[in-house]
2 protein chains.
Amino acid sequence: AHSVDFPVSVVLPAGGTGERTGLQTPKQFCSVLGRPLISYTIQAFERVPWIQRIVVAVAKESTDLMADIIRRFRHQKVQVVSGGSTRHRSICNGVMALGEDGEGMAPDGPGVVIIHDAVRPFVEEEFLQKIATAAREHGAAGAIRPLVSTVIATTSEGFLDHSLERAKYRASEMPQGFSYDVIRQAYQRCSETDFEFGTECLHLALQYCGTNAKLIEGPPTLWKVTYRKDLAAAESVIKESLSESALVITGGRASAAALAEALQKAAGALQMGLDLVPDVTAENSRYLQTESNFIQVSINDPCLSEVEALIQALEEANPAPLHPLVVIWMRVVGEDEASDSGMVAPASALVDMASAAKLHQILLYGIQIHQSKDSERRDRSVTRAAQIVRVLIRERSPALVGQLLQA
Amino acid sequence: AHSVDFPVSVVLPAGGTGERTGLQTPKQFCSVLGRPLISYTIQAFERVPWIQRIVVAVAKESTDLMADIIRRFRHQKVQVVSGGSTRHRSICNGVMALGEDGEGMAPDGPGVVIIHDAVRPFVEEEFLQKIATAAREHGAAGAIRPLVSTVIATTSEGFLDHSLERAKYRASEMPQGFSYDVIRQAYQRCSETDFEFGTECLHLALQYCGTNAKLIEGPPTLWKVTYRKDLAAAESVIKESLSESALVITGGRASAAALAEALQKAAGALQMGLDLVPDVTAENSRYLQTESNFIQVSINDPCLSEVEALIQALEEANPAPLHPLVVIWMRVVGEDEASDSGMVAPASALVDMASAAKLHQILLYGIQIHQSKDSERRDRSVTRAAQIVRVLIRERSPALVGQLLQA
Ligand SMILES: [Mg+2]
Ligand SMILES: [Mg+2]
């Protein structure tokens, strides 16, 4: 795959009012794990090194909110412009803003402009590259998908007139790409009716510039958050991606390492990868910035000192994480130790520590596991611990922080 | 709203192979909370009193699975027929089966046949009535929705040819309804090409019977489970509907009733309705069959006898629940009682009881709440208890059964 060696910028129209979700908040600003949907979409573009600039067009009443999102989630490539009263007016404002100043761009403006929806957060670099390259070559390019439903024409009385042959048509999706000149000219030449009622940028490029867009079949991940149930689906996709792995800190002790290896095996059976490290100091301190999930194994330590040190190091290394981080204190108790002895103090200490950590976006949970000498019971405990780890990390429920769960 | 006073039957084609979900199981058989999607769809029809019969067309290799589903989820109106190699062949087999025997129908076959997708489980009676009534009046009727994407025609080289004016077209969705004669004749007259490549029953009715279907805009709840992320959305919708309310059993004691009322208020703020009952005996025993969520409040009772009795009554009243039921033991301990004293026995007893209950589809969790004399602390505890209740009932996580959580 050759790289993109021409300038590419992005316009994200985000002026919509979200009527269809049945929610009060416009859907691009709806929160998933404490972070607005649009921030995930912006991140999808910011992590692509060859994308220089992202212009977001938002309604006047959302300007402060958008500025707050840019600050909180540390977006670096974003410029905010005023949205228009329609989608096309918003996109047009974004396109014109790209032409206004040459900062960080080629002398004659950005080579290619990608237009995308703020509510399609799962777009990937590989597909963006296909669109940008085709737009560079053909003047315009757009994502298509097979039609999910048959399309029909209705009579004015509400009866079936005819149905379209499904194989001949496609759904036009986002992203789309344009050479800067094509999209600018299309907006300069199009009519008020286009601005008011048009929906399709590819159509403007064809009508006003004679550019037939190249159509490229996109992956199903291009889907758009449209209804309330789509927010649940987006949350599930995001949670899944955050819960694929965790880092187990063993403290370098053989007994903790043995337990961690057993846990690793049990978690693997649940499609969750665990990595083992003795500590997170020196060169391992890089893990503190990766927004991982952490499991601190403590052998017969009722006083929480190790997990306290971990949380402090996390807060220092990453004072404003992009999503709630999960820290699990896995307390291993010996068989001879009475299961609840000495737990009065740590139980309430765990609650207090979890309440404080929550203010720093760290979700702290405890799991107590018994080191039985009976190997069958030990295996059962480890299996149960892995299941609990999986559900705590997957759900990241704020309501359960500070709980000490029994494995 | 006048009722439906003519015979109505349903055909559900369910022979699909589920390529698009990226899952091994065909999507209509994918499990949501332990129950296959198609069972939810069948239930949506079975609870409509004026629907007589549901014919499900399944692939030969799924016949045993389907029989098992009918038995496990106690479906009463279902007849299984062999699916064909295409969607139209499956529907045709279902339609012909309805004509074969007059059992339970009008002498001349069912008046109206509703065709639906097995992967649209959230269809509601009100809309079914609209479709059935319009089909009776006009010979055919179908659900439509506005187009979510622009539809475009492509050239043979993969470029944009033209885009359709979105306002003039609609997406054809399910359910659709037909008078029996129309749909039977359409299938008797249509070609091999229609059987092989056609997608739209409404089109067959128009082409072969001259029937222009009445088109009715359907609600967004008609959406179809197509991709893997849609399964997460379906699970979320189903979990939401199962977690709107719970029954709190107070044992008739004033202190438990006072706590239950405080909990009711706190849960109300989380959009969860709690109903209070002293017990589930005599006339209240009807609640045992409603597949509710239950919260058993026990004051200073470390021995689990009340919740044990509740679980036993539930198992007897409802030996095969349609989804996992949630039972929460809410143990109230006084301030003077040391928080962990006497907990050794019940903690392991709770784990054992939960393991046994799980085999009967009952998910048992515990919450321990402290009755502080300090009103602020008491309020905080109740708020936390309500949050824990909400998340336990919402997520119904099997991995957390038997845990005693601290509120
Ligand atoms: Mg467009
Ligand atoms: Mg059809």
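Taken over the stretch A:154-173, the criterion of being outside any strand (DSSP E or B) and of a type in the set (A, V, I, L, M, F, W, C) is satisfied by A:Leu164, A:Ala167. In this structure, does B:Leu147 turn out to be assigned to a strand (DSSP E or B), more than 16 Å from ligand 2 (Cβ to nearest atom) and over 16 Å from B:Val8 (Cα atoms)? Taking the combined requirement at face value, the residue does not satisfy it.
What tally of residues in the stretch B:365-407 results from selecting those that are farther than 22 Å from A:Leu392 by Cα and within 11 Å of another protein chain (Cβ to nearest Cβ)?
Looking only at that region, the number is 2.
Each residue in the stretch A:163-209 was checked for being more than 14 Å from ligand 1 (Cβ to nearest atom) and small (Gly, Ala, Ser), and 4 of them qualify.
Screening the stretch B:174-204 for residues that are within 11 Å of ligand 2 (Cβ to nearest atom) and in a loop (DSSP other than H, G, I, E, B) and picking the one that is farthest from the other protein chains (Cβ to nearest Cβ) gives B:Gly198. Please work out if A:Val307 is surrounded by 21 or more Cβ atoms within 10 Å (Cβ to Cβ) and outside the structural domain of A:Tyr169 (by TED's automatic domain parsing). Yes; evaluated as a whole, the condition is true for this residue.
Please pick out the residue among B:Leu270, B:Leu222, B:Leu288, B:Leu274 that is under 23 Å from B:Phe73 (Cα atoms), away from ligand 2 (no atom under 16 Å from the Cβ) and within 26 Å of the chain's Cα centre (by Cα). It would help to see each step written out before you state the result.
On the way: B:Leu270 fails: under 23 Å from B:Phe73 (Cα atoms); B:Leu222 fails: away from ligand 2 (no atom under 16 Å from the Cβ); B:Leu274 fails: under 23 Å from B:Phe73 (Cα atoms).
Just a single option satisfies the conditions, and that option is B:Leu288.
Among the residues of the stretch B:87-99, are any surrounded by fewer than 17 Cβ atoms within 10 Å (Cβ to Cβ) and either more than 16 Å from ligand 1 (Cβ to nearest atom) or part of a helix (DSSP H, G or I) (or both)?
Of the stretch B:87-99, the ones surrounded by fewer than 17 Cβ atoms within 10 Å (Cβ to Cβ) are B:96, B:99.
Filter once more, keeping what is either more than 16 Å from ligand 1 (Cβ to nearest atom) or part of a helix (DSSP H, G or I) (or both): B:96, B:99.
Yes - at least one qualifying residue is present in the stretch B:87-99.
All conditions but one from (1) within 16 Å of ligand 1 (Cβ to nearest atom); (2) aliphatic (A, V, I, L, M); (3) touching a Lys or Arg at 6+ places or on another chain (Cβ under 6 Å) apply to A:Leu147; the one that does not is (1). Scanning the stretch A:59-80 for residues that are at pLDDT below 95, surrounded by 16 or more Cβ atoms within 10 Å (Cβ to Cβ) and not in a loop (DSSP other than H, G, I, E, B) turns up just one, A:Ser62. Kindly evaluate A:Val119 against the criterion of being within 29 Å of A:Ser85 (Cα to Cα) and within 16 Å of ligand 2 (Cβ to nearest atom). Taking the combined requirement at face value, the residue does not satisfy it. Flag not set for A:Thr211, criterion: assigned by TED's automatic domain parsing to the domain that holds A:Arg390 and either of a type in the set (Val, Ile, Thr) or buried (at least 20 other Cβ atoms within 10 Å of the Cβ) (or both). Selection of the stretch B:8-30 for residues being at pLDDT 95 or above and over 17 Å from B:Thr63 (Cα atoms) yields B:Val8, B:Ser9, B:Val10. Checked against the criterion of being more than 16 Å from ligand 2 (Cβ to nearest atom), crowded, with 21+ Cβ neighbours inside 10 Å and not polar (S, T, N, Q), the candidates B:Ala282, B:Ala233 yield just one match: B:Ala233. Of all residues in the stretch A:291-307, those satisfying the criterion of being under 19 Å from A:Val389 (Cα atoms), over 23 Å from the mean Cα position of the chain (by Cα) and of a type in the set (S, T, N, Q) are A:Gln296, A:Ser298. Of the listed requirements (1) modelled with pLDDT of 95 or more; (2) within 14 Å of chain B (Cβ to nearest Cβ); (3) buried (at least 17 other Cβ atoms within 10 Å of the Cβ), A:Leu314 misses just one: (2).
Regarding the stretch B:119-136, can at least one residue be identified that is farther than 25 Å from B:Cys92 by Cβ, touching a residue at least 40 places away in the same chain (Cβ under 8 Å) and within 11 Å of another protein chain (Cβ to nearest Cβ)? Within the stretch B:119-136, one or more residues are farther than 25 Å from B:Cys92 by Cβ, touching a residue at least 40 places away in the same chain (Cβ under 8 Å) and within 11 Å of another protein chain (Cβ to nearest Cβ). Listed by first and then second residue, the pairs linking a residue in the stretch A:265-277 that is in a strand (DSSP E or B) to a residue that is hydroxyl-bearing (Ser, Thr, Tyr), with Cβ atoms under 9 Å apart and 6 or more places separating them unless they lie on different chains, are A:Gly273/A:Ser245; A:Leu274/A:Ser245; A:Asp275/A:Ser245; A:Asp275/A:Tyr287; A:Asp275/A:Ser292; A:Leu276/A:Thr250; A:Val277/A:Thr250; A:Val277/A:Tyr287. Filtered by the rule that a residue be touching a strand residue (DSSP E or B) at 6+ places or on another chain (Cβ under 7 Å) and either hydrophobic (A, V, I, L, M, F, W, C) or assigned to a helix (DSSP H, G or I) (or both), the stretch A:47-58 gives A:Trp50, A:Ile51, A:Ile54, A:Val55, A:Val56, A:Ala57, A:Val58.
Does A:Ala171 count as more than 8 Å from chain B (Cβ to nearest Cβ) and among the hydrophobic types (A, V, I, L, M, F, W, C)? Walk me through it before giving the result.
On the way: more than 8 Å from chain B (Cβ to nearest Cβ): no; among the hydrophobic types (A, V, I, L, M, F, W, C): yes.
The answer is no for A:Ala171.
Of the residues examined, A:Ser163 is one that is buried (at least 19 other Cβ atoms within 10 Å of the Cβ), within 16 Å of ligand 2 (Cβ to nearest atom) and either at the interface with chain B (Cβ under 8 Å from one of its Cβ atoms) or more than 29 Å from the chain's Cα centre (by Cα) (or both).
Looking across the stretch A:138-156, just one residue is out of contact with any strand residue (DSSP E or B) (no Cβ under 7 Å at 6 or more places or on another chain) and either facing another protein chain (nearest Cβ under 9 Å) or buried (at least 16 other Cβ atoms within 10 Å of the Cβ) (or both), and that is A:Val148.
Residues that are surrounded by 17 or more Cβ atoms within 10 Å (Cβ to Cβ) and within 10 Å of another protein chain (Cβ to nearest Cβ) occur in the stretch A:238-261; there is at least one.
Identify, from the list B:Leu270, B:Leu222, the residue that is of a type in the set (A, V, I, L, M, F, W, C) and buried (at least 17 other Cβ atoms within 10 Å of the Cβ). Let's see the steps before the verdict.
Numbers: B:Leu270 fails: buried (at least 17 other Cβ atoms within 10 Å of the Cβ).
Of the residues listed, the single one that is of a type in the set (A, V, I, L, M, F, W, C) and buried (at least 17 other Cβ atoms within 10 Å of the Cβ) is B:Leu222.
Return yes when A:Ser62 is in the same structural domain as A:Val225 (by TED's automatic domain parsing) and under 15 Å from A:Pro121 (Cβ atoms) and no when it is not.
Working: in the same structural domain as A:Val225 (by TED's automatic domain parsing): yes; under 15 Å from A:Pro121 (Cβ atoms): no.
No; evaluated as a whole, the condition is false for this residue.
Scanning the stretch A:49-58 for residues that are modelled with pLDDT of 95 or more and surrounded by fewer than 20 Cβ atoms within 10 Å (Cβ to Cβ) yields a count of 2. Just so you know, in the stretch B:114-141 the residues that are basic (Lys, Arg) and over 19 Å from the mean Cα position of the chain (by Cα) include one that is farthest from B:Cys201 (Cα to Cα), and it is B:Lys130. Of the residues making up the stretch B:205-216, those that are more than 10 Å from chain A (Cβ to nearest Cβ) and at negative phi are B:Tyr208, B:Cys209. Scan the stretch A:210-255 for residues that are away from ligand 1 (no atom under 15 Å from the Cβ) and either without any contact (Cβ under 8 Å) to a residue 40 or more places away in the chain or in a helix (DSSP H, G or I) (or both) and the total you get is 22.
The values are calculated or read from the model by the stated rules, or taken from the named source; none is laboratory data. All values reported here derive from a predicted model rather than from experimental measurement. Cβ: placed from backbone, ideal geometry, glycine included. Neighbour counts: every protein chain shown.
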